[in-house]
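Asks: Sending over a structure as structure tokens; questions will come in a sec.
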Amino acid sequence: MLSVVVPIYNESLNLDGFFARLIPALDSMGEPFEVICIDDGSRDDSVARLKAKNEADPRIKLLVFSRNFGKEAAVSAGLANAIGDAVIPIDADLQHPPEMIPEMVAKWREGYDVVYAVRRERTGQGLLSRLQARAFYWVFEKLSEVKMPREVGDFRLLDRKVVDAINAMPERTRFMKGIFAWVGFRQVGIPYTQEERQFGETSFNLVRLLRFAFDGLVAFSDMPLRMWTVIGAVVSGFAFFYIVVRLIRTLLYGIDVPGYESIIVIMLFLGGIQLITLGIIGHYLGRVFNEVKGRPLYIVRERLGVEKPKQS
Ligand code: UDP
Ligand code: MG
């Protein structure tokens with residue numbers, strides 16, 4: 001059995017077109033399947049439309065969140081509630097072509113545990129956002145031990161083993177891309193061309209994307225915490241060198257009083273570095289605080305056709 005997991009946030013206009021392509025693609029394989037839709041606190045009539053879909057076809061199931069918890073939480077909920085032998089998270093905005101699913105399933109049958117879809121090019125995106133994405137992958141690769149394939153979104157097929165491994169991960173901050181890579185297993189990518197969003201706009205603006213990227217880094221690397229030791233050592237090295245220079249100068253030429261600029265510059269520079277360091281420690285501390293609180297990742301308001309999962 002296959003489970004398809006669809007996070008949905010204000011996708012009312014996309015739903016009909018999405019299911020019109022998804023269901024035939026799944027039917028064509030002649031295997032049983034379920035489609036778990038997670039409504040992530042939509043403010044349009046997505047829920048009503050999804051309920052109608054569920055009534056017409058009980059294979060379309062629905063989880064309704066009590067508010068917007070974010071896409072990562074929605075995908076986590078889908079993974080926790082899916083009962084299939086393979087699970088496929090996919091976006092509802094038709095940027096991920098459902099017609100690729102049979103191809104993914106074929107790769108899975110060949111013995112791969114994770115089959116991810118690799119974007120060929122980013123259509124409908126400006127140069128700026130492409131540069132941002134590149135910069136993020138570059139920094140992530142440099143800082144983290146996890147090898148995260150580039151240009152890969154959440155559209156992928158996960159074997160039951162992998163889903164169980166992910167469900168067993170207790171962390172609250174879910175950076176799915178990173179988690180998918182972290183669990184390992186035999187992975188393979190197949191290329192696809194990402195289409196433009198059918199209706200509506202992406203809900204990830206610059207601020208949200210930056211926070212997302214930073215969260216991802218903090219979740220998968222402690223480099224930002226540790227690098228200050230090295231920076232501190234380098235700055236101290238320079239300081240020591242400068243102290244020697246000043247001492248010799250003072251001994252040879254006596255004391256020259258002017259020096260106001262250099263003192264201010266050095267103080268401001270070091271003050272700035274210390275604030276950045278504090279901010280970064282604060283970020284990790286906030287993360288620890290969130291984990292310690294141990295709140296649930298999401299709250300489900302309504303279930304249609306989805307049993308409560310046994311664990312958690
Ligand atoms: N989404 C969600 N919760 C959110 C934001 C987005 O469930 O808070 C869903 C959205 O409905 C879509 C998918 O996540 O199915 C991807 O969202 P979007 O297209 O806005 O992101 P992008 O494709 O730009 O990364
Ligand atoms: Mg999208």
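Asks: Kindly provide the helix-only [θ] at 222 nm of the chain, computed as the sum of -39,500 (n - 2.57) over DSSP H runs of four or more divided by all residues, to the nearest 500 deg cm²/dmol?
Replies: -17000 deg cm²/dmol
Asks: Any chance you could check the Cα centroid distance between segment 238-279 and segment 8-78 for me, in angstrom?
Replies: Taking the Cα centre of each part, segment 238-279 and segment 8-78 sit 62 Å apart.
Asks: Starting from the Cα-Cα distance between Glu291 and Asp57, subtract it from 0.36 nm times their residue separation and give me the gain in nm to one decimal.
Replies: Full extension of this stretch gives 80.4 nm more.
Asks: Which residue, Ala86, Phe136, Val230, has the largest displacement toward the positive end of the dipole of the chain when charges sit on each Cβ (Lys, Arg +1; Asp, Glu -1)?
Replies: It is Val230.
Asks: So, one more: Taking 20 Å as the cut-off for C-alpha to C-alpha distance, list the pairs among Lys177/Lys308; Lys71/Lys142; Lys61/Lys308 that go past it.
Replies: Lys177/Lys308; Lys71/Lys142
Asks: Another one. How long are the semi-axes of the equivalent ellipsoid of the chain, defined as square roots of 5 times the Cα gyration tensor eigenvalues? Whole Å, largest first.
Replies: 49, 20, 19
Asks: Specify, per residue and in Å³, the volume enclosed by the convex hull of the alpha carbon atoms belonging to segment 16-133.
Replies: Output value, Cα hull per residue: 141 Å³.
Asks: Shifting gears a bit: With θ taken as phi - 60° and the coefficients 6.51, -1.76 and 1.60, list the Karplus ³J(HN,Hα) couplings across segment 252-259 in order, rounded to whole Hz; mark glycine and proline as x.
Replies: Values, residue by residue: 7, 10, x, 8, 9, 5, x, x Hz.
Asks: Rounded to a whole number, what is D in µm²/s for segment 1-64 from Stokes-Einstein with the Kirkwood radius over alpha-carbon pairs (25 °C, 0.890 mPa s)?
Replies: Here the translational diffusion coefficient equals 207 µm²/s.
Asks: About the Cα centre of the chain, how large is the charge dipole given +1 on each Lys and Arg Cβ and -1 on each Asp and Glu Cβ? Please answer in debye to the nearest 20.
Replies: 820
Asks: So what is the relative contact order of the chain, in percent, for Cα pairs below 8 Å that sit 6 or more residues apart?
Replies: Value for the chain: 24 percent.
Asks: Once both axes come from the Cα atoms, what is the angle between helix 260-293 and the longest principal axis of the chain, in degrees from 0 to 90, rounded to 10?
Replies: It works out to around 30 degrees.
Asks: Can you tell me the length gained on complete extension of the stretch Lys161 to His283, counting 0.36 nm per residue apart and subtracting the Cα distance?
Replies: Once the chain is fully extended between Lys161 and His283, it gains 40.7 nm.
Asks: Starting from the amide H of Ile299, placed 1.01 Å from N in the peptide plane, find each other amide H under 5 Å away whose residue is 5 or more places distant or on another chain.
Replies: When sequence neighbours closer than 5 places are left aside, the close amide H contacts are Ser66, Arg67.
Asks: Calculate one ³J(HN,Hα) per residue across segment 55-72 by plugging θ = phi - 60° into the Karplus curve 6.51 cos²θ - 1.76 cosθ + 1.60, and present them in order as whole Hz with x for glycine and proline.
Replies: Along segment 55-72, the couplings run 5, 6, 9, x, 6, 8, 10, 9, 10, 10, 6, 6, 6, 6, 10, x, 4, 4 Hz.
Asks: Same structure again: Could you sort 186-197, 73-84, 108-119 so that the peptide with the highest average Cβ count within 10 Å comes first and the rest follow in order?
Replies: Per-residue Cβ counts within 10 Å, averaged per peptide and sorted highest first, yield 73-84, 108-119, 186-197.
Asks: Name the residues whose placed amide hydrogens come within less than 5 Å of the amide hydrogen of Val118, ignoring near sequence neighbours (fewer than 5 apart) on the same chain.
Replies: Answer set, sorted by chain and number: Ile190, Tyr192.
Asks: Count neighbours as other Cβ atoms within 10 Å of each site's Cβ, and list the trypsin sites (Lys or Arg not before Pro) in segment 1-93 that are DSSP loop with at most 13 such neighbours.
Replies: Passing sites in segment 1-93 are Arg43, Arg67.
Throughout, read-outs are computed from the coordinates displayed, never taken from laboratory work. These numbers were taken from a predicted model, which means no experiment stands behind them. Cβ coordinates were reconstructed from backbone atoms using ideal geometry, including for glycine residues, and neighbour counts include every protein chain displayed.
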